[in-house]
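Below is one structure; the comments refer to it alone.
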Amino acid sequence: MFSVKAVCLVEAIHLATGCPRLAGRLIHPAVCHVHHWTKRDIDPRWSSWTGPNSTGEAGVSAHKTKVMAKQEQPGLLIVEIGGVCGVLEGHVELLKKHFHLITMKEFLKKKERLSEKIKSVLIYECRPVIDRELLQSLPHLKVIANSGVGVDHLDLKLISSFGVKVTNTPHAVSDSTADIGMALMLASARRLVEGCQIAVSPQTEHFAADWLGDEVTGATLGIIGMGSIGYKVAKRAKAFEMKILYHNRNQRKEEEEQAVGARYCEKMEDLLQQSDFVILVVNLTPQTHKLIGKRELELMKPTATLINISRGAVVDHDALVEALQNGIIKAAALDVTYPEPLPR
């Protein structure tokens, strides 16, 4: 998953900074407009040719060009290498083939010299933070590459006002996210986390006879957000012979519904009332902020489980805690929270 994201990011940065050989589909259309470069945009120092030119002068050798190209690699600002929010060490070799990596620590020490060299910023785990001060200090910045799908942590209007593009990796983790959704559903249904804790506890002498959890096969799964990832979840759920309901801004084509055996619920309330498992797969927008709150939780079955693989702020966590403590719903399985991590 991470290697796919790294390759997508390198290609997206190259495209946004003017490399014409890479696929435009890597740029999220709602986020970035791709500039169509002309010959005069290309720095002649990047050409690779030998022999005399049209004026009879000697051309630049391929070897010299490679050396010059290496010296002129565009600067890529990253928060750090490794650590909690840093770029994975396994990605560094790939990135260094195309960019001169500059950490935030280096940049802050030598801001006057390095600010001119930085053409792009790589956002990893929402770091570095992109604010007006940083944008003003990078006069030649062309692109901000986000390592995830969501860009809700970026002020797109502010960034656009500086003439900077934003890229993301919209499809790189679709399968992985769908997989984690299924894993969370199975783990919560069969109480795997609790069971593991009991199994490794020195005090455990036996398991309770009713420690079986709930059946997933044949249960009803409600998918809120039937985009690319939501549809992949449905495909996986079909293999478990689940009844699939979905709520989306737009109904999918009939043949797509039939392929996974999904039924459209125009009203989210209908889905909540009927589902044994409710999985959230939506983008975080003003409309989906706290989409699931006290009212929505009370509509769910007392035996139901809420699963969130979208963004933490899609759920009102205070309302969720209250619902769990009072038995309004049975369980919650969360890939994301807000804040993250939750207060202990």
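The values are calculated or read from the model by the stated rules, or taken from the named source; none is laboratory data. For clarity, every value in this text was computed on a predicted model and none was experimentally measured. Every residue, glycine among them, receives a Cβ derived from its backbone with ideal geometry; neighbour counts consider all protein chains shown. Quick note on the areas: whole protein, heavy atoms, side chains included, nothing else; ligands and nucleic acids left out. Shrake-Rupley method; radii C 1.70, N 1.55, O 1.52, S 1.80 Å.
Odds and ends about this structure:
- Apportionment of accessible area to carbon and sulfur, the stretch 235-293, percent (1.4 Å): 44
- Sparse packing (at most 10 other Cβ atoms within 10 Å of the Cβ) combined with a DSSP loop state is found for the following GluC sites (Glu not before Pro) in the stretch 170-216: Glu205.
- Calculated FRET value between Arg295 and Glu241, using beta carbons and R₀ = 35 Å, to 0.05: 0.65
- Low-density loop cleavage sites - GluC sites (Glu not before Pro) in the stretch 85-155, where at most 14 other Cβ are within 10 Å (DSSP): Glu116, Glu125
- Alpha-carbon centroid distance for the pair the stretch 277-344 / the stretch 159-187, whole angstrom: 19
- Check: the stretch 179-220 dipole with +1 on Lys, Arg Cβ and -1 on Asp, Glu Cβ, in debye: 60
- Inter-probe distance in nm under a simple model that places probes 7 Å from Cα toward Cβ, at Lys96 and Leu158: 3.3
- Annotation for the stretch 86-189: trypsin sites (Lys or Arg not before Pro) lying in DSSP loop with at most 13 further Cβ atoms inside 10 Å of their Cβ are Lys97, Lys110.
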